[in-house]
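Following: one structure in structure tokens, then a few remarks.
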Amino acid sequence: MSIKNIFSKLSIKKECKKYNVPLKKCPVFLFVIMGVVVIVAILASYFVAAFYGTEPEVQALIALFTAMITFTIGHFIVRSFAELAELSNLKSKFLNIISHELLTPLSSMKWSLSILNAKNIDISKKEREELLGMVNQSAENMIEMVNSLLDVSRLETGKIRLHFKEVDLVDLVSKAIKNKEADALAKNTNIKFYYDNNIPRVKTDPRRISVVINNLIDNAIKFSKPNSDILVKLKKSLHDVIFSVEDFGIGIPESQKKHIYSKFFKADNEFKYQTKGFGLGLFTAKFLLDALGGKMDFRSKENQGSLFWFIIPINKDN
Amino acid sequence: MKKIVFIEDEPSLQKTLTMMLKANGFSVFSAFDGETGINLVKEVNPDLILLDLILPKKDGFKVLEEIKEDESTKDIPVVVLTNLEDTSNVEKVVNLGAVNYLVKANYTADEIAQKIKSMLL
């Protein structure tokens, strides 16, 4: 950490701005205040003990005991405010992202319909069909967005029910790739699928594992550079099946890797490439995979690409 | 014919507003990201720029800043057209030199075209 960074972190006002709360509710400010309270409490208890003529060892013990109590209370107070501030921040972030993402298709619908209704514009049959198609697509996009938000809510409140059955992953992945063909084509990316010959059926929830697979392939397409390949692989190990998606796109900056599974997270370099989406794909994928008894991980280098993989046990005891 | 450069990454919004602007007698040049937008502005030298804020490659704030710093483009009026309703963004773009800030969802395509008409004609 550079000296500039250290001084920047010492600036309470600057640190508090990040939390978007008033100074009196800012965890950093409260931490400093609690620090002062602890010091004052220690000194006060020491001087009171000294005033009443207690032994030096007893004075020291009283001061230490006071320090422990006030520090513990202070810690819990500051932590509570930190959690509240983070919740408030997340709520603001959530509202900003949601409103922007939903207003885009709504604007598209409004503008398309205003042209269709306009009396002073001559529209050809083809243009009319295109505009109606845009209205339809915007509606579909909004439904998909709302469903993804509801899914996250269900995941977090545990209201999601899993239905395990034997699933042919080769078939599932093939269908997922077929569904994404148009998106991949639009980006001039080529999805290549490789799988071992003896991939066994696995016991999992087909709908939920499809969401995981779709989200990973979606991301690979979104963040691939044009005219590049996306490699999708299925491999068998002794007890598991390993699914992986590799792209040669923008990758994830080192400093942001720790946030990659957070809700509404979008890496800084992502905006240079594309602006759509809530940032819920990986959060949802990881959450679902954990519930299915699988494990996910990734490797990524900025400007070189990313490799995401998950392992799913062949025999899942439910 | 007055020229407009429209910098917007959402294809359906590009298409619909361009259609409306053309129907109102404007010549429209489209860019889908910030970098292409800046190059297009320098190439076309439009009468007005319509600028989205959330853009790939270079966001609208940086585009606005660069346009206003460049001698050849600093006098071209810029209208920010976005779905970000945060008042801090309004202040920011006005300080950077934008002449207007319109929230897309609050207007029909026709209303935006009429606003631009009243600014240019």
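The values are calculated or read from the model by the stated rules, or taken from the named source; none is laboratory data. This is a predicted model, so every value here is computed, not measured. Cβ atoms come from the backbone with ideal geometry, glycine included; neighbour counts cover every protein chain shown.
Numerical summary
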{"quantity": "Complete set of residues in the stretch A:98-107 that are more than 9 Å from every other protein chain (Cβ to nearest Cβ) and either free of Cβ contacts under 8 Å to residues at least 40 places away in the same chain or not in a helix (DSSP H, G or I) (or both)", "calculated": "none"}
{"quantity": "Meets criteria (touching a residue at least 12 places away in the same chain (Cβ under 8 Å) and either under 26 Å from A:Thr284 (Cβ atoms) or surrounded by 12 or more Cβ atoms within 10 Å (Cβ to Cβ) (or both)) for A:Leu150", "calculated": "no"}
{"quantity": "Answer from A:Ser255, A:Ser210 - the residue that is surrounded by fewer than 21 Cβ atoms within 10 Å (Cβ to Cβ) and in contact with a helix residue (DSSP H, G or I) (Cβ under 7 Å, 6 or more places away or on another chain)", "calculated": "A:Ser210"}
{"quantity": "Test set (1) surrounded by fewer than 19 Cβ atoms within 10 Å (Cβ to Cβ); (2) farther than 22 Å from A:Lys119 by Cα - B:Lys115 fails condition number", "calculated": "(2)"}
{"quantity": "Neighbours by Cβ (under 7 Å, 6+ apart or cross-chain): first from the stretch A:1-28, surrounded by 13 or more Cβ atoms within 10 Å (Cβ to Cβ); second modelled with pLDDT of 70 or more and among the polar types (S, T, N, Q)", "calculated": "A:Tyr19/A:Asn89; A:Asn20/A:Ser88; A:Asn20/A:Asn89; A:Asn20/A:Ser92; A:Val21/A:Ser88"}
{"quantity": "Selection status of B:Asn45, within 14 Å of chain A (Cβ to nearest Cβ), surrounded by fewer than 18 Cβ atoms within 10 Å (Cβ to Cβ) and either in contact (Cβ under 8 Å) with a residue 24 or more places away in the chain or β-branched (Val, Ile, Thr) (or both)", "calculated": "no"}
{"quantity": "Residues within the stretch B:92-104 that are within 9 Å of chain A (Cβ to nearest Cβ) and crowded, with 19+ Cβ neighbours inside 10 Å, tallied", "calculated": "1"}
{"quantity": "From A:Lys91, A:Lys125, A:Lys159, A:Lys110, residue being away from chain B (no Cβ under 14 Å) and modelled with pLDDT of 90 or more", "calculated": "A:Lys125"}
{"quantity": "Residues located in the stretch A:165-188, provided they are touching a residue at least 60 places away in the same chain (Cβ under 8 Å) and within 26 Å of the chain's Cα centre (by Cα)", "calculated": "A:Leu169, A:Val173"}
{"quantity": "Condition broken by B:Ser27, with the remaining ones in (1) of a type in the set (Ser, Thr, Tyr); (2) in contact (Cβ under 8 Å) with a residue 24 or more places away in the chain; (3) touching a helix residue (DSSP H, G or I) at 6+ places or on another chain (Cβ under 7 Å) satisfied", "calculated": "(3)"}
{"quantity": "Matching residues, the stretch A:140-195, being part of a loop (DSSP other than H, G, I, E, B) and touching a strand residue (DSSP E or B) at 6+ places or on another chain (Cβ under 9 Å)", "calculated": "A:Leu162, A:Phe164, A:Asp168, A:Lys180, A:Thr189"}
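For (1) more than 10 Å from chain A (Cβ to nearest Cβ); (2) of a type outside the set (D, E, K, R); (3) within 14 Å of the chain's Cα centre (by Cα), each residue gets a yes or a no:
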residue: B:Ile7; (1), (2), (3): yes, yes, yes
residue: B:Ser12; (1), (2), (3): no, yes, no
residue: B:Leu17; (1), (2), (3): no, yes, yes
residue: B:Lys22; (1), (2), (3): no, no, no
residue: B:Ala31; (1), (2), (3): yes, yes, yes
residue: B:Leu55; (1), (2), (3): no, yes, yes
residue: B:Val80; (1), (2), (3): yes, yes, yes
